[in-house]
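Colleague: There's a structure below that I have some questions on.
Every number here is computed from the coordinates shown, using simple stated rules; none is lab data. The structure displayed is predicted, hence computed values, not measured ones. For neighbour counting, all protein chains shown are included, and Cβ atoms are generated from backbone atoms with ideal geometry for every residue, glycine included.
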Amino acid sequence: MASNVTLTDILSAGLSLISASGNNGTASIAGASVGATTASLQVGATLTVVVNATVTASSGNITNTAVGTSTTPDPTPTNTVTVVTPVATSADLTLTKVASSTSGTQGQTISYTVTLVNLGPSVASNVTLTDILSAGLSLISASGNNGTASIAGASVGATTASLQAGATPTLVVNATVTASSGNITNTAVGTSTTPDPTPTNTVTVVTPVATSADLTLTKVASSTSGTQGQTISYTVTLVNLGPRWPAT
């Protein structure tokens with residue numbers, strides 16, 4: 001029989017103790033340590049402690065060490081066991097996009113605001129936000145609030161080495177509608193080298209292009225005044241300022 005048996009379980013940094021329970025003796029919690037004691041433990045008997053904890057670390061390793069002691073001499077007195085658990089990094093990125101107009105006409109300027117959010121829990125590394133304009137759109141300018149932005153043809157890229165949980169880089173892209181009909185599209189893609197539980201971070205905005213024909217009318221009379229029997233000629237001119245040929 002073992003006398004004055006103590007079982008101690010110690011949580012490392014990166015673990016937050018929730019609860020603990022034992023099957024024998026009394027259990028007490030002190031900070032990140034759980035202790036269970038019993039005055040005597042018969043041969044073949046077991047003292048068990050169940051410890052529940054929340055992982056608060058976002059990377060690295062967490063450890064849990066248990067130590068068992070007794071005042072009765074033990075031929076193998078080192079009764080210590082440690083479990084090391086690696087913490088997998090995970091950064092859940094989500095992407096939204098808003099266009100300044102739900103429809104467009106040729107010559108109109110449309111502004112696209114793209115926002116990438118890191119929902120965490122880990123820091124996202126090597127984050128890239130790419131915005132791609134379709135045919136029918138001509139890029140004017142682009143600006144971002146985080147990292148560096150670069151323009152290559154009809155594509156805008158913004159990158160940052162690390163993105164903290166809760167951070168929100170934003171990219172604003174301004175473009176002119178060159179299409180005269182059909183649809184124009186703007187597609188944004190967000191990526192990171194940190195594992196993402198929802199890795200497909202792509203959003204596309206489709207904007208219909210309305211046909212538009214700006215007609216203007218003028219009339220000129222051959223005389224600014226008239227007399228009885230006089231012939232006056234009226235010249236009426238209709239001009240289509242475009243961009244489309246008007247419907248008949």
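Colleague: Ala53's amide H: which non-local residues (gap 5+, or another chain) put their own amide H closer than 5 Å, with H modeled 1.01 Å from N in plane and none for Pro or chain starts?
Modeller: Here Ile18 satisfy the definition.
Colleague: Here is a follow-up. Which is farthest toward the positive dipole end of the chain among Ser134, Ala36, Val177, measuring Cα position about the Cα centre, with Cβ charges +1 (Lys, Arg) and -1 (Asp, Glu)?
Modeller: Val177
Colleague: Hey, got the dipole for the chain? About the Cα centre, +1 on K and R Cβ, -1 on D and E Cβ, debye to the nearest 20?
Modeller: Dipole size: approximately 760 debye.
Colleague: Something else about it: Return the FRET efficiency for the residue pair Thr63, Ser150: r is the Cβ-Cβ distance, R0 is 41 Å, and the value is rounded to the nearest 0.05. Write out the running numbers ahead of the final one.
Modeller: Numbers: r = 44 Å, r/R0 = 1.06.
The calculated FRET efficiency here is 0.40.
Colleague: What would the Debye equation give as log₁₀ I(q)/I(0) for region 1-130 at q = 0.09, 0.20 Å⁻¹, counting only Cα atoms as equal point scatterers?
Modeller: -0.48, -1.12
Colleague: I'd like the Kirkwood hydrodynamic radius of region 1-77, using the inverse of the mean 1/r over distinct C-alpha pairs, in Å.
Modeller: 13.4
Colleague: Would you indicate which of [x] 79, 16, 12; [y] 34, 26, 20; [z] 28, 23, 15 is the value of semi-axes √(5λ) of the Cα gyration tensor in Å derived from the coordinates of this structure?
Modeller: [x]
Colleague: Please work out the C-alpha center-to-center distance from region 187-248 to region 1-58 and express it in whole Å.
Modeller: 76
Colleague: Taking only the alpha carbons of region 133-212, what extent do you get along each of the three principal axes, in Å, biggest first?
Modeller: 46, 25, 19
Colleague: Which cross-chain or sequence-distant (5 or more) residues have an amide H under 5 Å from the amide H of Ser162, H modelled 1.01 Å from N in plane?
Modeller: Asn126, Val127
Colleague: Once R0 is set to 35 Å, what does the formula 1/(1 + (r/R0)^6) return for the Cβ-Cβ distance between Val50 and Ser3, expressed as a FRET efficiency to the nearest 0.05?
Modeller: With a Förster radius of 35 Å, E is 0.90.
Colleague: Related question: Compute the length gained on full extension between Thr72 and Thr109: take 0.36 nm times their separation in residues and subtract their Cα-Cα distance, giving the result in nm to one decimal.
Modeller: Working: separation 37, 0.36 × 37 = 13.32 nm, distance 8.46 nm.
Going from the current span to full extension adds 4.9 nm.
Colleague: List the residues of region 50-84 whose backbone N lies under 14 Å from a point placed 7 Å from the Cα of Asn23 along the Cα-to-Cβ direction.
Modeller: Flagged as within label range: 50-51.
Colleague: Under the Karplus relation 6.51 cos²θ - 1.76 cosθ + 1.60, θ = phi - 60°, what is the ordered set of whole-Hz ³J(HN,Hα) values for region 72-77, x standing for Gly and Pro?
Modeller: 7, x, 10, x, 10, x
Colleague: Short version: ³J(HN,Hα) in whole Hz for each residue of region 161-173, in order, from phi by Karplus 6.51 cos²θ - 1.76 cosθ + 1.60 (θ = phi - 60°), x for Gly and Pro, what are they?
Modeller: For region 161-173, the Karplus curve yields 5, 8, 10, 5, 4, x, 6, 9, x, 10, 10, 10, 10 Hz.
Colleague: For a protection proxy built on the mean count of beta-carbon atoms within 10 angstrom, sort 116-122, 97-103 highest first, please. Each step should come with its number before you reach the end.
Modeller: Numbers: 116-122: 20.6, 97-103: 13.6.
Put in order of decreasing packing, that is 116-122, 97-103.
Colleague: Output ³J(HN,Hα) for region 180-195: one whole-Hz value per residue in order, computed from phi by the Karplus curve 6.51 cos²θ - 1.76 cosθ + 1.60 with θ = phi - 60°, and x for Gly and Pro.
Modeller: Running phi through 6.51 cos²θ - 1.76 cosθ + 1.60 with θ = phi - 60° gives 9, 6, x, 10, 10, 10, 9, 10, 10, 9, x, 9, 7, 7, 7, x Hz.
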